[in-house]
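The values are calculated or read from the model by the stated rules, or taken from the named source; none is laboratory data. Keep in mind that what you see is a predicted model, and the values were worked out from it rather than measured. Positions of Cβ are backbone-derived with ideal geometry, glycine not excepted, and every protein chain shown enters the neighbour counts. Side chains are part of the model used for accessible areas, which takes the heavy atoms of the whole protein and leaves out ligands, DNA and RNA. Shrake-Rupley method; radii C 1.70, N 1.55, O 1.52, S 1.80 Å.
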Amino acid sequence: MAQGRFIAYQPTSLQVFDGRATEADAASIRADLTQLRGRFDGLITYGAIHGAQQIPPIAAALKFRALIIGVWDPTDEAQLAAALAAAARFPQLVVGLSLGNETLFAHRSDPGALLEVIRRVRERAPAVPLSTSEPFHIYDQPAAALLGQLDFLLLHVHPVFQPWFRDASDQNAAQFVVNVLAKLTPQACGPVLVKETGVPTAPASAGFSEERQAGFYRELRRLLPPSRTQAFAYFAAFDAAWREYDATGVPGPAAHPEEAHWGLYNAERRPKAAALELPTLAR
């Protein structure tokens with residue numbers, strides 16, 4: 001966390017429609033990760049199957065330094081087995097598993113059930129650090145019991161969903177993320193990595209743009225320099241048109257056009273302004 005640069009990644013060839021995922025192909029994943037490797041050396045994924053089994057070997061070949069594997073449904077043995085197999089095969093690359101993504105926020109599970117999943121996975125892979133991914137407010141009661149059972153914390157902190165965001169400065173938006181982290185007790189939750197925070201680049205009618213995305217991350221780098229206990233990941237790697245209709249848990253109408261434009265790269269893998277501001281990394 002102190003020296004690397006993480007980005008949340010879903011393959012550009014993977015799409016989800018009506019809850020059904022397409023299969024991501026290895027050639028497309030390699031093209032994705034080749035583009036990302038110039039500026040990022042850490043990946044956080046959302047799924048372990050539907051072609052995502054190819055991510056660990058390709059990431060290892062491209063000399064990524066860290067991979068947190070997301071298990072979308074940790075009660076699904078196929079997904080869990082794929083993640084554990086990758087962790088066993090690439091112990092120097094896989095630094096942790098994220099057991100679920102917004103499962104509590106979306107009411108797909110409850111704290112007691114998730115605690116039981118964590119216990120069972122820890123029995124199977126005691127050396128693999130475990131976490132889950134939730135919006136920051138979920139860790140208030142009754143989910144606070146999770147904090148003591150996680151090896152590290154993956155948070156979602158989105159200023160864009162706050163009512164004041166549209167008229168706020170980039171500094172105020174970034175300060176919101178810092179303020180959320182300041183309220184956490186490190187001893188209770190271990191290292192904290194903000195997995196999701198950022199600004200979409202469209203639609204302009206909602207106040208989003210490449211310039212605002214770049215400005216937000218510029219301020220966040222200044223206010224939240226990475227350390228061994230706190231850091232943030234860039235969210236997300238690539239634009240994805242299908243996300244407009246797959247924004248589970250996001251309040252408002254069925255379509256959310258902004259959800260298709262979180263990427264630091266567009267759907268054709270071209271870098272946007274926020275990515276171009278990042279210095280390239282040594283391999």
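Remarks
- Scan of the stretch 130-142 for residues that are of a type outside the set (Phe, Trp, Tyr), more than 21 Å from GLN10 (Cα to Cα) and under 20 Å from the mean Cα position of the chain (by Cα), ordered by number: HIS137, ILE138
- Put simply, of ARG243, ARG228, ARG221 the only residue that is closer than 20 Å to LEU43 by Cβ and without any contact (Cβ under 8 Å) to a residue 12 or more places away in the chain is ARG221.
- Residue satisfying condition, being of a type outside the set (Gly, Ala, Ser), open to solvent by 20 Å² or more (accessible area, probe 1.4 Å) and within 18 Å of ALA236 (Cα to Cα), within set ARG166, ARG212: ARG212
- Residue match in the stretch 169-178 (condition: over 30 Å from ARG20 (Cα atoms), at pLDDT below 95 and of a type in the set (Ser, Thr, Tyr)): no
- Hey, ARG5 in contact (Cβ under 8 Å) with a residue 60 or more places away in the chain, open to solvent by 20 Å² or more (accessible area, probe 1.4 Å) and of a type in the set (Lys, Arg) or not: yes
- Of all the criteria given as (1) closer than 30 Å to LEU278 by Cα; (2) touching a Ser or Thr at 6+ places or on another chain (Cβ under 8 Å); (3) modelled with pLDDT of 95 or more, the one not satisfied by LYS63 is (2).
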